[in-house]
Amino acid sequence: MKLTFTLNGREVTEDAAPDQTLFAWLRAHHIKSVKCGCETSNCGLCTVWLDDEPVLSCSVLMARVDGHAVTTLEGVGPAREEFARCMAEEGAEQCGFCSPGLEMDVLALDRKHPDADDETIRRFLSGNLCRCSGYASQMRAIRRFLGRHKNPGGRLSERSEAAVAMEKQVKAAGKGVTSSDRGSSLSRPVVKKDAYALLAGKPAYADDLAPDDALIVKLVRSGQAHARVTKIDTSRALAVPGVVAVYTPEDAPRNSFTLAGQSYLECSPYDTRILDDVVRYVGDEVAMVVAETEEAVAKAAKLVKVTYEKLPAILDMEQALDNPTVIHDEKDWAYGADRTGDPKRNLVAHDVHEHGDVDAELAAADIVIDREYHTQAAEQAMMETMRSYAY
Ligand code: FES
Ligand code: FES
């Protein structure tokens, strides 16, 4: 379908699939400020303007763009630089992945509600998620940015009171800094070195840096909680145009690694292969598809046919210890730095922390509460989706 629209003030006429998303089109055309954190209209990272209205580009189809004006961070006016200064000086961007989407919305807010109070700001930006900042520093930056409308000549005020107070605290804490430290970053707040590049949406993340002709790898994941893979038919996947290879456990080296991910010494056991013929949870990797395009790799991944022999699954952590079903019975299972686990008991690690004479303290206490507590599993939930680029 031939589409004509304006992108950052420049007319574009191009063939585009009407069902391609605006997000995918922009990224394919090297507009790297537009980020994706969810693809499901939940994070705000992909915000651009369509005829000056903020929209989530991951949920706008190209057919809707025909005849309209699209603006991305690359095409907004000088107000962006003023807001970037507020963000940088208030320490409001950290990983920076959410910043372009936030900036697009704040600049729209600035146009529509230049005198917005905190509640209006919060409501307007309720769709912009940030995993790093805790939002307090962003609010300081936004208040300072909007506050310029009340200043003579529309000039930005100096740093917010909160930022100045923080600076004083840092200075007080830095007393005793030696003369050789002066001029360094010690005892004074600093704007992050990469702050302005990130706030301008410059390429900085794994997906921005991969070359256009990089092959794309996607994993086929198990729908079984515990099973042995008895057969994988890759023929239909390999027949998809653009598919370069499909790898299965037979192709994978029998090298185990730890899922914990930190560098040497790794604490957790070496109990994972890149592709294994036993799957141990729903989502475990079964096969790997390599293709030239996202479309080809996505289509082929659905055509890999896996046959499983189901094994008993353990679906409750409380039932796992000493269960007759052993999850890791492979012969080459090996300890990491921590040796408190026992694979035959489904035990990854075990630890007891006691400080002082616990029994004596309990005996002396007026009230003893004997309960069992569980903490939640913590996931950092970073906004940048997991991807890597290798060459
Ligand atoms: S809202 Fe579009 S990527 Fe999250
Ligand atoms: S700075 Fe917002 S997600 Fe990292």
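The values are calculated or read from the model by the stated rules, or taken from the named source; none is laboratory data. Computed from a predicted model, the values in this text were never measured in an experiment. Here Cβ is always computed from backbone atoms with ideal geometry, including for glycine, and neighbour counts include all displayed protein chains.
Values computed for the structure shown
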| item | result |
| --- | --- |
| Whichever residue in region 37-55 is touching a helix residue (DSSP H, G or I) at 6+ places or on another chain (Cβ under 6 Å) and within 14 Å of ligand 2 (Cβ to nearest atom) and, among such residues, is nearest to S126 (Cα to Cα) | G44 |
| Residue satisfying condition, being modelled with pLDDT of 95 or more, among the basic types (K, R), more than 22 Å from the chain's Cα centre (by Cα) and surrounded by fewer than 16 Cβ atoms within 10 Å (Cβ to Cβ), within set R155, R123 | R123 |
| Filter result for E74 (within 16 Å of ligand 2 (Cβ to nearest atom), touching a residue at least 24 places away in the same chain (Cβ under 8 Å) and buried (at least 18 other Cβ atoms within 10 Å of the Cβ)) | no |
| Qualifying residue in region 380-390 (condition: away from ligand 1 (no atom under 16 Å from the Cβ), of a type outside the set (F, W, Y) and over 30 Å from A210 (Cβ atoms)) | no |
| Unique residue being over 28 Å from the mean Cα position of the chain (by Cα) and in the same structural domain as R27 (by TED's automatic domain parsing) when the list is A364, A320, A381, A377 | A364 |
| Test: residue in region 252-272 that is in contact with a helix residue (DSSP H, G or I) (Cβ under 7 Å, 6 or more places away or on another chain) and of a type in the set (D, E, K, R) | no |
| In region 344-391, the residues that are loosely packed, with under 10 Cβ neighbours inside 10 Å and at positive phi | G356, A381 |
| Of residues in region 44-57 being of a type outside the set (F, W, Y) and in a strand (DSSP E or B), the one farthest from ligand 1 (Cβ to nearest atom) | E53 |
| Residues located in region 245-280, provided they are within 19 Å of Q224 (Cα to Cα) and assigned to a loop (DSSP other than H, G, I, E, B) | T248, D271, R273, I274, L275, D276, D277, R280 |
| Test: A28 is in contact with an Asp or Glu (Cβ under 9 Å, 6 or more places away or on another chain) and more than 16 Å from ligand 2 (Cβ to nearest atom) | yes |
| Residue within region 109-117 that is within 15 Å of ligand 1 (Cβ to nearest atom) and either in contact with a Ser or Thr (Cβ under 6 Å, 6 or more places away or on another chain) or within 23 Å of L146 (Cα to Cα) (or both) present | no |
| Members of region 105-120 found to be more than 14 Å from ligand 2 (Cβ to nearest atom) and in contact with a strand residue (DSSP E or B) (Cβ under 6 Å, 6 or more places away or on another chain), listed by number | A108 |
| Boolean, A116 is small (G, A, S), in contact with a Leu (Cβ under 8 Å, 6 or more places away or on another chain) and modelled with pLDDT under 95 | no |
| Filter result (surrounded by 23 or more Cβ atoms within 10 Å (Cβ to Cβ) and either within 10 Å of ligand 2 (Cβ to nearest atom) or not hydrophobic (A, V, I, L, M, F, W, C) (or both)) within region 77-95 | M87, E90, A92, E93 |
| Selection from region 232-255 of residues that are surrounded by 12 or more Cβ atoms within 10 Å (Cβ to Cβ) and modelled with pLDDT under 95 | A252 |
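Okay, residues lined up against (1) modelled with pLDDT of 95 or more; (2) within 14 Å of ligand 1 (Cβ to nearest atom); (3) on the phi > 0 side of the Ramachandran plot:
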position	(1), (2), (3)
S59	yes, yes, no
H68	yes, no, no
T72	yes, yes, no
A79	no, no, no
E82	yes, no, no
E90	no, no, no
Q94	no, no, no
F97	yes, yes, no
P100	yes, yes, no
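Quick grid of which residues meet (1) at pLDDT below 95; (2) not assigned by TED's automatic domain parsing to the domain that holds D276:
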| site | (1), (2) |
| --- | --- |
| A300 | no, no |
| K331 | yes, no |
| I369 | no, yes |
| A390 | yes, yes |
